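The values are calculated or read from the model by the stated rules, or taken from the named source; none is laboratory data. A quick note: this is a predicted structure, and the numbers were derived from the prediction, not measured. We place every Cβ from the backbone using ideal geometry, glycine too, and count neighbours over all the protein chains shown.
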Amino acid sequence: MARVRKAVLPVAGLGTRVLPATKSIPKEMLPVFDRPAIQYVVDEAKAAGIEHFVFVTGRNKGAIEDYFDRAYELESTLSSKNKTGVLEELESTLPEPGSMSFVRQQAPKGLGHAIWCARDVIGDEPFAILLPDVIVKAEPSCLAQMISVYDKVGGNVIAVEEVPEARVSSYGVIDPMERDGAMVRMKGMVEKPSRETAPSNLAITGRYVLQPEIFGLLAEQGAGAGGEIQLTDAMARMMETQDFHAVVYDGKSYDCGSKIGYLEATVAHALADAENGAAARALLKAMLG
Ligand code: G1P
């Protein structure tokens, strides 16, 4: 079975739910406690064995590309001041040379269209998708859990989680058949269903392992929910010819596309930080009286 080596990270979104913070910087660069949101997502993918990252960017997203490059002036200043600790930390964020590609989505036509923009760089092999709005705290990483399922069953694997029924209309939702441990066989999926028509409360988390045939389907996919070309619609069509499994991953997701989800992610990572966790806890306790 072909190994999953590449991942697509669609980062072209405008971040309208967290304006004005995202007026002049990409939402993916907002710090979640001590590092930009995008770093968590790249680390999750690395922990799952991903070797090449394809960012689908848009206008005003240059800061992401710069973040993953060397910062010579900064590094030489830090080194002349013997700040070795920070220097080491900077070094750890640097990707292998040549392991990142950047392609542009020129118009906001939807997630499905963004993924299609990566087709030439992915080529003819299975690949992962990680939506950077979602940070998942999990051990092993969410994508690693999915890839261990993929290694057993092949085909296509998506991550799902239970959400309150009142929130199903914010997600892609699967139509499950039977569950075997964390693995769910399914017979369909639908993007942003109403609460009344949702086939379950198992929502797609924003992590996918897909076969390259998805690109052919995306190329001819018409607009769906919200007038956008939806990845979920193309996957639903691909289910007619290919195997799909869902994984109810073990972990917790944070929706960093919304103000409260972003706050929750920041607090959770502060509390879990080895150096600052105790101080963060004391601070929050004091603030809440
Ligand atoms: C996207 C996907 C949706 C998925 C969600 C997870 O929606 O289209 O299927 O459930 O991400 O966050 P978006 O949040 O971009 O509207």
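Count of the range 251-289 residues, restricted to those that are in contact with a Leu (Cβ under 6 Å, 6 or more places away or on another chain) and either within 17 Å of Gln39 (Cα to Cα) or of a type in the set (Ser, Thr, Tyr) (or both), is 0. Ala270 meets all of the listed conditions (1) within 16 Å of the ligand (Cβ to nearest atom); (2) touching a Phe, Trp or Tyr at 6+ places or on another chain (Cβ under 8 Å); (3) in a helix (DSSP H, G or I) but one, namely (1). Within the range 91-103, is there a residue that is within 27 Å of Gly261 (Cα to Cα) and within 16 Å of the ligand (Cβ to nearest atom)? No, the range 91-103 has no match at all. With respect to the conditions (1) of a type in the set (Phe, Trp, Tyr); (2) loosely packed, with under 14 Cβ neighbours inside 10 Å; (3) in contact with a Phe, Trp or Tyr (Cβ under 8 Å, 6 or more places away or on another chain), Tyr72 lacks only one, and its number is (3). Within the range 1-17, the set of residues being surrounded by 18 or more Cβ atoms within 10 Å (Cβ to Cβ), more than 16 Å from Lys46 (Cα to Cα) and among the hydrophobic types (A, V, I, L, M, F, W, C) comprises Val11, Ala12.
Among the residues of the range 1-26, just one is within 13 Å of the ligand (Cβ to nearest atom) and without any contact (Cβ under 8 Å) to a residue 40 or more places away in the chain, namely Thr16. Contact map, the range 112-132: first residue more than 16 Å from the ligand (Cβ to nearest atom), second residue aromatic (Phe, Trp, Tyr) and modelled with pLDDT of 95 or more, Cβ cut-off under 7 Å, separation 6 or more or different chains; pairs are Arg119/Phe215. Residues in the range 200-238 that are part of a loop (DSSP other than H, G, I, E, B), in contact (Cβ under 8 Å) with a residue 60 or more places away in the chain and farther than 20 Å from Val160 by Cβ: Pro212, Gln221, Glu228. Only residues that are closer than 25 Å to Ala45 by Cβ and either within 13 Å of the ligand (Cβ to nearest atom) or modelled with pLDDT under 95 (or both) were counted across the range 197-209, and they come to 7. Among the residues of the range 156-178, is any away from the ligand (no atom under 12 Å from the Cβ), crowded, with 23+ Cβ neighbours inside 10 Å and either modelled with pLDDT of 95 or more or not aromatic (Phe, Trp, Tyr) (or both)? Checked the range 156-178: at least one residue is away from the ligand (no atom under 12 Å from the Cβ), crowded, with 23+ Cβ neighbours inside 10 Å and either modelled with pLDDT of 95 or more or not aromatic (Phe, Trp, Tyr) (or both). Checked against (1) buried (at least 16 other Cβ atoms within 10 Å of the Cβ); (2) under 25 Å from Pro108 (Cα atoms); (3) more than 13 Å from the ligand (Cβ to nearest atom), Asp255 passes all but a single condition, namely (3).
Show the residue pairs meeting these rules: Cβ distance below 9 Å; 6+ apart or different chains; first residue within the range 30-48 and at positive phi; second residue surrounded by 15 or more Cβ atoms within 10 Å (Cβ to Cβ) and β-branched (Val, Ile, Thr). That search, which allows pairs on different chains as well, returns Phe33/Thr266; Phe33/Val267. Of the residues making up the range 80-139, those that are among the aliphatic types (A, V, I, L, M) and at pLDDT below 95 are Val86, Leu87, Leu90, Leu94, Ala107. Inside the range 185-199, residues that are buried (at least 20 other Cβ atoms within 10 Å of the Cβ) and either in contact with a Leu (Cβ under 7 Å, 6 or more places away or on another chain) or outside any strand (DSSP E or B) (or both) make up a count of 1. Thr197 passes every criterion in (1) in contact (Cβ under 8 Å) with a residue 24 or more places away in the chain; (2) more than 24 Å from Pro126 (Cα to Cα) apart from (1). Among the residues making up the range 85-111, a single one is without any contact (Cβ under 8 Å) to a residue 40 or more places away in the chain and either β-branched (Val, Ile, Thr) or buried (at least 23 other Cβ atoms within 10 Å of the Cβ) (or both): Val86.
For first residues located in the range 252-270 and of a type in the set (Asp, Glu), partners that are modelled with pLDDT under 95 and within 13 Å of the ligand (Cβ to nearest atom) and lie 6+ apart or on another chain with Cβ distances below 7 Å form the pairs Asp255/Asp133; Asp255/Gly261.
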